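Every number in this text was worked out from the coordinates using simple rules, so none of it is lab data. Remember, it's a predicted structure, so these values are computed and weren't measured experimentally. Cβ atoms come from the backbone with ideal geometry, glycine included; neighbour counts cover every protein chain shown.
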Ligand SMILES: [Zn+2]
């Protein structure tokens, strides 16, 4: 299953300086996996944005928007999938734990 999504907020905050910005620098497609490889693939095509940070003391001039509950910086999987892989009961299935790489 492929899902197309986009953030609808007008502004984003760079986490370090917390300054809100509504100036969009660029747009790009980000692909996030939401299910383990052993089941039917769910791939989210997120139309994400990069914003300018206008805070004069901030060294980060451009930052990528993060969607709460859906994205983390540099992550290619959703928090849902990370939690699923982290808390999976591996002993009952006789498999080895899956290392989590974000
Ligand atoms: Zn900033």
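General remarks:
- For the range 1-33, a tally of residues being surrounded by 14 or more Cβ atoms within 10 Å (Cβ to Cβ), free of Cβ contacts under 8 Å to residues at least 60 places away in the same chain and out of contact with any strand residue (DSSP E or B) (no Cβ under 6 Å at 6 or more places or on another chain) returns 2.
- Single unsatisfied condition, residue 31 versus (1) within 13 Å of the ligand (Cβ to nearest atom); (2) part of a strand (DSSP E or B): (1)
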